[in-house]
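Q: My structure is below; once you've seen it, I'll send some questions.
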Amino acid sequence: MCGIVGYVGQRDAADVLLSGLERLEYRGYDSAGIAVFENEIIKVVKSKGRLADLKEKMQKEGKPSGHAGIGHTRWATHGEPSDRNSHPHGGGNVTLVHNGIIENYKKLKEFLLSQGRTFESDTDTEVVAQLIDYYYIENHGNPVEAIVKTLKEVEGSYALGVIFADFPDRVFALRKESPLIVGVGENESFIASDVTAILQYTKNYYLLEPGEIAVLSKQGAKIYDLHYQKIEKEMKTADWDISAAEKGGYEHYMLKEIHEQPEAIKKTITPRIENGLPNLEECGITPEKLLEFKKIHVVACGTAMHAGIVGKYVIEKLARIPVNVDIASEFRYREPLVGEGDLVIIISQSGETADSLEALKLSKRLGAKTLAIVNVKGSSIARESDMLIYTHAGPEIAVASTKAYMVQIAVMYLFAFELALANHCIDETECRRLTSLLQNTPDQISAILENKEMTQLIASELITADSLLYIGRGLDYALSMEGSLKLKEISYIHSESYAAGELKHGTISLITKNMPVIAVATQRNLLEKTISNIKEVKARGAKVILICHDAYHPEEGTADFRFGLPEYEDLLMPMLAVVPLQLIAYYTAVHKGNDVDKPRNLAKSVTVE
Ligand code: AGP
C-alpha cells in the first residue's frame with residue numbers, strides 16, 4: 001500500500017525521493033507527492049495518478065530544489081484519489097506523509113475544528129499533521145515532544161515521515177503497525193517503507209520499532225524512545241542487491257520473477273537440507289517439537305493462502321495430521337478453535353499483511369505456537385512469530401506474486417517431509433527420495449521455462465473471453481486456485497477455480513460455446529475422473545486447455561490445447577504446473593495491453609484490513 005521515502009543529505013532530495021518512490025511503485029498507488037526544503041521553505045508538489053503525472057507537473061511548476069524532504073505514493077482509503085487528497089499534507093509548521101489508517105480521526109478532527117483549525121483534504125492524515133502542529137505550538141516548538149503527545153491521542157496504524165518548517169535539515173519518522181526503515185549512508189540518511197527504495201544508496205539500515213522516533217540529519221540518524229531517551233539499535237545490512245530489484249532485461253518484473261524461480265527454490269531449500277534430509281533446526285523447528293502438535297492451522301491471504309492449501313494436501317497426505325486453512329481476514333473474526341497444542345503457520349511474502357499479522361497475534365493470545373513463512377527480512381510477521389522460516393526469493397516487485405508462491409510451497413514440502421519423518425509416517429529412505437526430488441524441481445522448472453510458445457498461444461485464445469474456469473482434482477484443484485487468481489488480477493478476465501467433481505452440482509450451467517476451461521490433470525490416480533469431467537464440459541461447447549504430464553495424450557477431441565509437463569512425481573507437480581499457469585496469465589495481460597506489474601486497484605502489500 002502507500003509508500004514513504006524521506007531523505008537528508010547532500011544529493012538532490014527530489015531525485016532521491018522520486019527514485020525511491022519508483023522502487024515502491026509495486027506496492028500499489030493512485031497518487032504521489034513530495035515535499036522538499038527549498039531555501040529553507042517547504043515546497044510541496046503532488047498529483048493524482050502515476051509518478052509520471054507528478055513529474056509532468058514538476059516540469060510545469062518547477063522541481064523543488066534542496067537536500068531534505070519527504071515523498072509518498074498514496075493508495076486511497078479516506079477520500080478519493082485526487083490532487084487535494086494526495087500526500088504530503090500540511091498543518092501550519094508541519095508537513096507529513098502517512099501510511100496506514102487513523103481510526104479515531106473523526107473525533108480528533110472535531111477537536112481541531114473546535115480549536116478553529118480548517119482542513120484542506122478529506123484524509124485522516126491531515127488530522128495528524130494538524131494535531132502535531134497543535135502540540136508543537138503548545139510545547140513552544142519542540143518537535144519530538146509534539147510528536148509524542150500526538151501519538152498518545154492517535155489510534156490506528158501508521159508510519160509517518162514528518163518535517164517541520166523550523167528544522168530545514170531534519171526529517172522525523174515514527175511507526176506503529178505500518179513498516180518503516182531508517183537507512184544510513186555517508187553524510188546522508190533515509191527513511192523508506194522498505195529497503196528496496198534506498199538500496200542504490202546504502203545497504204545499512206535500522207528497523208524502526210513502534211514507540212521509537214527517528215531524527216534524521218546529514219550526520220546520521222538518532223533514534224529516541226517516547227521519553228526522549230536515545231536508543232542504541234543494531235544496524236542491519238540488506239543482503240538483496242540492487243540488481244535483484246531491477247528488471248534485468250525482462251519486459252516486466254513479473255516475467256523476470258517467473259524466471260527467477262529455479263534459483264529462488266535452490267536458495268530457499270538448500271540451507272535447510274543436511275545429508276539429504278530436511279533440517280529446520282536453525283528456524284527453531286526440531287523433530288521433537290513437531291511431535292507436540294496435534295493440529296495445524298495455516299492462515300494467510302491471497303496467493304500465500306493458496307500456498308497453504310497445497311501445504312494442507314501434502315501435510316495431510318504424508319504426515320496424517322489435520323490441517324485447517326483459513327483466510328486471515330475470516331480467521332480473525334470467527335472465534336477460531338485454536339489453542340495449546342496447535343501450530344499456526346502464517347504465510348506471507350511481505351510479512352506486513354495486516355490481517356495475517358493480526359491472525360498471528362490472536363493465535364499467540366489463544367495459546368498456540370506460531371510459525372511464520374516470510375520473505376521480507378525483519379518484517380512484522382517475522383518478528384512476532386515463535387518460529388520462522390525465511391523464504392529466499394529476493395525482492396518480489398510485481399504485484400502478482402509468482403516466485404514467492406513457489407518458495408512458499410517449496411517450504412511447505414520440506415516442512416511436510418520433516419513432519420512425516422518425525423511422525424514415522426514415512427521412513428528415512430522415502431524422506432531422502434522426496435527431498436532429492438524437491439531439490440531437482442529447479443531443473444524441471446528451467447526446462448518448462450524454455451518452452452513458452454504454447455503458453456503464448458493459449459493466452460492469445462483467452463483475450464476475448466469474458467469468463468473462464470479452472471478445474472482440477474486434489475492437488476490440481478489446490479493449484480488451479482492460484483492459476484485463476486493470477487489470471488484475474490492482471491488480465492481483468494473473470495475466472496473461477498472449481499473442484500472438477502463439483503462442477504455438475506451447479507457451475508456447469510455456466511458453460512457456453514467456446515468458454516475456455518483450463519483443466520489441470522497431473523494427478524495420475526485421479527486422471528480418469530478428471531478426464532470424465534473434461535468431457536462433460538467439452539460436450540457443452542467449452543474450449544479445453546489441458547495441463548498434464550507430457551506422456552499423456554487424451555483421446556482425440558478431449559482438449560483443444562495441451563501443455564505437456566515433464567514426467568515427475570505427482571506429489572510435486574504443483575511446483576511444475578504453476579509455471580504454465582503463471583505464463584498464461586502473464587501473456588494474456590500483455591496481449592491485452594494491461595499494466596502487468598501494477599494492476600489496477602491492487603497493492604503489493606496490504607497493510608490495512
Ligand atoms: C497475489 O498475486 C497477490 N498479490 C496477493 O494475493 C498476495 O498474495 C496477498 O495480498 C498476501 O500478501 P503477503 O504474502 O505479502 O501477505
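The values are calculated or read from the model by the stated rules, or taken from the named source; none is laboratory data. Quick caveat, the model's predicted, so the values are computed rather than measured. Here the Cβ positions follow ideal geometry from the backbone for every residue, glycine too, while neighbour counts run over all protein chains shown.
Q: If a residue has to be surrounded by fewer than 21 Cβ atoms within 10 Å (Cβ to Cβ) and either hydrophobic (A, V, I, L, M, F, W, C) or touching a Leu at 6+ places or on another chain (Cβ under 7 Å) (or both) to count, how many in segment 446-460 make the cut?
A: Applying the first criterion (surrounded by fewer than 21 Cβ atoms within 10 Å (Cβ to Cβ)) to segment 446-460 yields 446-447, 449-454, 456-457, 460.
Checking the rest, the ones that are also either hydrophobic (A, V, I, L, M, F, W, C) or touching a Leu at 6+ places or on another chain (Cβ under 7 Å) (or both) come to 447, 449, 452, 454, 457.
Looking only at that region, the number is 5.
Q: Looking at (1) among the acidic types (Asp, Glu); (2) within 16 Å of the ligand (Cβ to nearest atom); (3) exposed (fewer than 14 other Cβ atoms within 10 Å of the Cβ), can you tell me which one Asp326 breaks?
A: Exception for Asp326: condition (3).
Q: Pull up segment 273-286, narrow it to residues that are outside any loop (DSSP other than H, G, I, E, B) and either over 19 Å from Ala319 (Cα atoms) or not assigned by TED's automatic domain parsing to the domain that holds Tyr405 (or both), then point me to the one that is farthest from the ligand (Cβ to nearest atom).
A: In the first step, residues of segment 273-286 are kept if they are outside any loop (DSSP other than H, G, I, E, B); the result is 273-274, 277-278, 281-283.
Imposing the further condition that a residue be either over 19 Å from Ala319 (Cα atoms) or not assigned by TED's automatic domain parsing to the domain that holds Tyr405 (or both) reduces the set to 274, 282-283.
Numbers: Glu274: 28, Glu282: 22, Cys283: 18 Å.
My answer is Glu274.
Q: Determine whether segment 288-301 contains at least one residue that is of a type in the set (D, E, K, R) and within 30 Å of Lys149 (Cβ to Cβ). Can you show your working first?
A: At the first step, the residues of segment 288-301 found to be of a type in the set (D, E, K, R) are 288-289, 292, 294-295.
Those left that are additionally within 30 Å of Lys149 (Cβ to Cβ): none.
No, that holds for no residue.
Q: Looking at segment 176-194, which of the residues that are without any contact (Cβ under 8 Å) to a residue 60 or more places away in the chain and surrounded by fewer than 24 Cβ atoms within 10 Å (Cβ to Cβ) is nearest to His72 (Cα to Cα)?
A: Val184
Q: Restricting to segment 273-287, count the residues that are on the phi < 0 side of the Ramachandran plot and surrounded by fewer than 21 Cβ atoms within 10 Å (Cβ to Cβ). Walk me through how you get there before you give the answer.
A: In the first step, residues of segment 273-287 are kept if they are on the phi < 0 side of the Ramachandran plot; the result is 273-274, 277-283, 285-287.
If we keep only those that are surrounded by fewer than 21 Cβ atoms within 10 Å (Cβ to Cβ) too, we end up with 273-274, 277, 279, 281-283, 286-287.
Number of matching residues: 9.
Q: Residue check, His72 against (1) at pLDDT 95 or above; (2) surrounded by fewer than 19 Cβ atoms within 10 Å (Cβ to Cβ); (3) in contact with a Pro (Cβ under 9 Å, 6 or more places away or on another chain), all met but one. Which one?
A: All conditions are met except number (2).
Q: Continuing with the same structure: Which count do you get for residues in segment 461-478 that are crowded, with 21+ Cβ neighbours inside 10 Å and in contact with a strand residue (DSSP E or B) (Cβ under 6 Å, 6 or more places away or on another chain)?
A: Number satisfying all stated conditions: 8.
Q: Of the residues Ile389, Ile346, Ile397, only one is assigned to a strand (DSSP E or B), within 16 Å of the ligand (Cβ to nearest atom) and in contact (Cβ under 8 Å) with a residue 60 or more places away in the chain; which?
A: On the way: Ile346 fails: in contact (Cβ under 8 Å) with a residue 60 or more places away in the chain; Ile397 fails: assigned to a strand (DSSP E or B).
Within the list Ile389, Ile346, Ile397, the selection yields Ile389.
Q: Counting only residues that are among the hydrophobic types (A, V, I, L, M, F, W, C) and over 24 Å from Gln349 (Cα atoms), which one in segment 287-318 is nearest to the ligand (Cβ to nearest atom)?
A: First pass over segment 287-318, keeping only residues among the hydrophobic types (A, V, I, L, M, F, W, C): 290-291, 293, 296, 298-301, 304-305, 307, 309-310, 314-315, 318.
Checking the rest, the ones that are also over 24 Å from Gln349 (Cα atoms) come to 291, 293, 318.
Values: Leu291: 29, Phe293: 23, Leu318: 24 Å.
Once the filter is applied, the top-ranked residue is Phe293.
Q: Residues of segment 489-507 being surrounded by fewer than 18 Cβ atoms within 10 Å (Cβ to Cβ) and assigned to a helix (DSSP H, G or I), which ones?
A: Gly501, Glu502, Lys504, His505, Thr507
Q: Given the criteria under 28 Å from the mean Cα position of the chain (by Cα) and of a type in the set (A, V, I, L, M, F, W, C), does Ile101 qualify? I'd like the intermediate steps shown before the answer.
A: Numbers: under 28 Å from the mean Cα position of the chain (by Cα): yes; of a type in the set (A, V, I, L, M, F, W, C): yes.
Spelling it out, Ile101 is indeed under 28 Å from the mean Cα position of the chain (by Cα) and of a type in the set (A, V, I, L, M, F, W, C).
Q: Against the definition (touching an Asp or Glu at 6+ places or on another chain (Cβ under 7 Å), at pLDDT 95 or above and in a helix (DSSP H, G or I)), how does His297 come out, yes or no? Before the answer, list the steps.
A: Numbers: touching an Asp or Glu at 6+ places or on another chain (Cβ under 7 Å): yes; at pLDDT 95 or above: yes; in a helix (DSSP H, G or I): no.
No: the conditions fail for His297.
Q: Separate question: For segment 49-69, give me each residue that is among the aliphatic types (A, V, I, L, M) and either in contact with a helix residue (DSSP H, G or I) (Cβ under 7 Å, 6 or more places away or on another chain) or crowded, with 22+ Cβ neighbours inside 10 Å (or both). Before you say what the answer is, go through the steps one by one.
A: Residues of segment 49-69 that are among the aliphatic types (A, V, I, L, M), as a first pass: 51-52, 54, 58, 68.
Selection gives Leu51, Leu54, Ala68.
Q: Here is a list: Val544, Val578. Which entry is under 30 Å from Gly28 (Cα atoms), hydrophobic (A, V, I, L, M, F, W, C) and outside any loop (DSSP other than H, G, I, E, B)?
A: Criteria check complete, one pass: Val578.
Q: Another one. Can you work out which of the residues in segment 359-386 that are outside any strand (DSSP E or B) and touching an Asp or Glu at 6+ places or on another chain (Cβ under 6 Å) is farthest from Glu340 (Cα to Cα)? Talk me through it step by step, then tell me what you get.
A: Step one: of segment 359-386, the residues outside any strand (DSSP E or B) are 359-368, 375-386.
Filter once more, keeping what is touching an Asp or Glu at 6+ places or on another chain (Cβ under 6 Å): 360, 367-368, 379-380.
Values: Leu360: 14, Gly367: 5, Ala368: 5, Ser379: 25, Ser380: 23 Å.
Top of the filtered list is Ser379.
Q: Return the only residue of Val579, Val590, Val608 being on the phi < 0 side of the Ramachandran plot and within 12 Å of the ligand (Cβ to nearest atom). Lay out the reasoning, then the answer.
A: Working: Val579 fails: within 12 Å of the ligand (Cβ to nearest atom); Val590 fails: within 12 Å of the ligand (Cβ to nearest atom).
Residue meeting the stated conditions: Val608.
Q: Hey, another quick one. Quick check on my filter: what residues within segment 349-382 are in contact with a Gly (Cβ under 6 Å, 6 or more places away or on another chain) and within 9 Å of the ligand (Cβ to nearest atom)?
A: Correct list: Val374, Val376, Ser379, Ile381.
Q: Consider segment 8-44. How many of its residues are assigned to a strand (DSSP E or B) and either closer than 29 Å to Glu396 by Cα or of a type in the set (D, E, K, R) (or both)?
A: Initial filter on segment 8-44 (assigned to a strand (DSSP E or B)): 8, 31-38, 41-44.
Now drop any that are not either closer than 29 Å to Glu396 by Cα or of a type in the set (D, E, K, R) (or both), which leaves 8, 31-35, 38, 43.
So the answer is 8.
Q: Among what's in segment 517-528 and is of a type outside the set (Lys, Arg) and surrounded by fewer than 22 Cβ atoms within 10 Å (Cβ to Cβ), pick the residue that is farthest from the ligand (Cβ to nearest atom). Spell out the reasoning first.
A: Residues of segment 517-528 of a type outside the set (Lys, Arg): 517-523, 525-528.
Subsequent filtering for residues that are surrounded by fewer than 22 Cβ atoms within 10 Å (Cβ to Cβ) retains 525-528.
Details: Asn525: 30, Leu526: 27, Leu527: 29, Glu528: 33 Å.
Only one residue fits best here, namely Glu528.
Q: Show the residue pairs meeting these rules: Cβ distance below 9 Å; 6+ apart or different chains; first residue within segment 485-499 and without any contact (Cβ under 8 Å) to a residue 12 or more places away in the chain; second residue assigned to a helix (DSSP H, G or I).
A: Lys488/Ala585
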